[in-house]
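The values are calculated or read from the model by the stated rules, or taken from the named source; none is laboratory data. Keep in mind it's a predicted model, so treat the numbers as computed, not measured. Cβ atoms come from the backbone with ideal geometry, glycine included; neighbour counts cover every protein chain shown. Accessible surface is based on the protein model in full, side chains and every heavy atom, while ligands, DNA and RNA are left aside. Shrake-Rupley method; radii C 1.70, N 1.55, O 1.52, S 1.80 Å.
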Amino acid sequence: MMRLCAAVVLSLFSSLISVQISAQELWSVGFHELDFLDPLDSQPMHAYAFYPSTDAEQVTRVQGYRIEATENAKIAMGRFPLLMLSHGNTGTPLAQHDLATSLARQGFVVVAVFHPGDNYLDHSRLGSLSNLYGRPLQISEAISAALLDPMLSPYISARRVGVIGYSAGGETALILAGAQPDLKRLRKYCAERPQDRDACKTQGELLADRDDLHAQADPRVGALMLMAPLGLMFGRNTLADVHVPVLMYSGDGDELLAVDKNAEALARKLPDVSDFKLLAGAGHFVFMAPCDDEQRATAPVLCTDAIGVDREDIHRNLSAEAVRFFGSALGSPLSTAGMQTAAHQE
C-alpha cells in the first residue's frame, strides 16, 4: 500500500512537472494596453502589460521598437507575479522591452508604465517635487489598474508584486518600498560636484510645484530590481524602512550617474541587498535593449557601448538573473502556473 501511494504521488508530481515544462516551452508573449487616470491630475495615462501567452508569437512595432509580442493575445492559464517597470527621466519603459518579454515568457506579468510629465514626449514635470513624489503614486495606480483589469486580473497574483526601476525609476522603486528622499542631500551633492550636469541642472533645487505631496510607500511591493539607479537623496537612515530584497545592477563606466554616490552607496546602505552586480566598462545606457540598425543610425549615443562590452550577453544574463531573483523573492511562477493549469485540465 505504501508503495502504491508513493507511486501515485510520484506520478502526480511528474505530471505537474511535465505541465510546467510544456507550459514553459509553449509560452509566447502577449501585450495589452492599460488606460487609467494619473493620480496627480486625473488626466489619462497608460501602460503596456506583457504577459505569458499560448498564441503564436509575432514581432510588433510599437513606438519605434520591434517587440517580440502579440497585441491582445490569449493569456496563459495561471496566477502570475506582477512586476512594474519604471523608466528613467525623459525615457520610455519600452527601452527595456526585451527584459519585459523575457520575464513574461517565464511566467510574470510585466506592466511598463509611461510616467506623465517625464517621458520622451513630455518633460513638463522634470525637476519638480510633483515628479519626485508623483512617479511612485503613478506606479501604485498602475498596480491597482492591472489588478482590476478584466483581462489580466484573473491571472495575476495580487500578493506577489515587484518593481523594476531603471535610472530615475530606481529612485521611484525605492520610494515605493519605503525610502524617504532627503532634499538636502541633493543640494549638498550639487555643491560638491557642480560639474554633474545631469543631476545638478538646477543646482540641486527641485521646483516646489506641489506642497501636498510626500513620499508614499506601497505595502504591496515585495521586491526591487534596480538598474543604474538614481540614489543621491537617500542616506542610511532614509533607507532604513526598505525591508524588501533588492537586486541591483550598475556599470562602472556610467557616464550619467556617479556610481560611488548612487549604486555603490545604495549597496552599502540598503538593509537587504540580495546581490549587487557592477558591470566592467558598461555605461548608463547598456540596460536599454540591444539596438537594431535603424536605432543605431538615429540614436548612436544610446546604442554604442565601450569596446569589450557585449550588450546582448549582458541582457541574456540580466534577464536570467531577474527570473531567478523574482522567483525566489516572490515565489516561483512556474510551479504556481503549472499547478493552476493542471487543475483546470482535470
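With respect to D198, determine if the residue is farther than 22 Å from V273 by Cα, in contact (Cβ under 8 Å) with a residue 40 or more places away in the chain, in a loop (DSSP other than H, G, I, E, B) and out of contact with any Ser or Thr (no Cβ under 7 Å at 6 or more places or on another chain).
Details: farther than 22 Å from V273 by Cα: yes; in contact (Cβ under 8 Å) with a residue 40 or more places away in the chain: yes; in a loop (DSSP other than H, G, I, E, B): yes; out of contact with any Ser or Thr (no Cβ under 7 Å at 6 or more places or on another chain): yes.
So D198 fits the description; yes.
Residue check: is A191 in contact with a Ser or Thr (Cβ under 9 Å, 6 or more places away or on another chain) and surrounded by fewer than 14 Cβ atoms within 10 Å (Cβ to Cβ)? No; evaluated as a whole, the condition is false for this residue.
Can you tell which of D305, D275, D241 is in a loop (DSSP other than H, G, I, E, B) and under 30 Å from R220 (Cβ atoms)? Break it down stepwise before answering.
On the way: D305 fails: under 30 Å from R220 (Cβ atoms); D275 fails: in a loop (DSSP other than H, G, I, E, B).
D241 is the lone residue from the list that is in a loop (DSSP other than H, G, I, E, B) and under 30 Å from R220 (Cβ atoms).
Among all residues of the range 80-90, there is at least one that is among the small types (G, A, S) and closer than 25 Å to L126 by Cα.
Count of the range 117-131 residues, restricted to those that are buried (at least 24 other Cβ atoms within 10 Å of the Cβ) and either of a type in the set (A, V, I, L, M, F, W, C) or assigned to a loop (DSSP other than H, G, I, E, B) (or both), is 1. Among the residues of the range 51-63, are any modelled with pLDDT under 95 and either buried (at least 21 other Cβ atoms within 10 Å of the Cβ) or under 25 Å from I175 (Cα atoms) (or both)? Taking every residue of the range 51-63 in turn, none turns out to be modelled with pLDDT under 95 and either buried (at least 21 other Cβ atoms within 10 Å of the Cβ) or under 25 Å from I175 (Cα atoms) (or both).
What do you reckon, is T92 of a type in the set (V, I, T), at pLDDT 95 or above, closer than 21 Å to P154 by Cα and open to solvent by 10 Å² or more (accessible area, probe 1.4 Å)? Judged against the criteria, T92 is not a match.
Taking the options G178, G170, G231, G235, name whichever one is open to solvent by less than 20 Å² (accessible area, probe 1.4 Å), in a helix (DSSP H, G or I), at pLDDT 95 or above and small (G, A, S). Full working, then the answer.
Numbers: G178 fails: in a helix (DSSP H, G or I); G231 fails: in a helix (DSSP H, G or I); G235 fails: in a helix (DSSP H, G or I).
On inspection, the qualifying residue turns out to be G170.
Set side by side, the residues R311, R316, R324 differ, and just one is buried (at least 18 other Cβ atoms within 10 Å of the Cβ) and either within 19 Å of the chain's Cα centre (by Cα) or at negative phi (or both), which is R311. Going by the conditions given, is L99 modelled with pLDDT of 95 or more, in contact with a helix residue (DSSP H, G or I) (Cβ under 6 Å, 6 or more places away or on another chain), surrounded by 15 or more Cβ atoms within 10 Å (Cβ to Cβ) and hydrophobic (A, V, I, L, M, F, W, C)? Here the answer is yes, as L99 does meet what is asked. Just a yes or no: is a residue in the range 244-251 at pLDDT 95 or above, open to solvent by 90 Å² or more (accessible area, probe 1.4 Å) and either closer than 17 Å to N89 by Cβ or touching a helix residue (DSSP H, G or I) at 6+ places or on another chain (Cβ under 7 Å) (or both)? For the range 244-251, residues at pLDDT 95 or above, open to solvent by 90 Å² or more (accessible area, probe 1.4 Å) and either closer than 17 Å to N89 by Cβ or touching a helix residue (DSSP H, G or I) at 6+ places or on another chain (Cβ under 7 Å) (or both): absent. Look at L82 and say whether it is closer than 24 Å to A158 by Cα and in contact with a Lys or Arg (Cβ under 8 Å, 6 or more places away or on another chain). Here the answer is yes, as L82 does meet what is asked.
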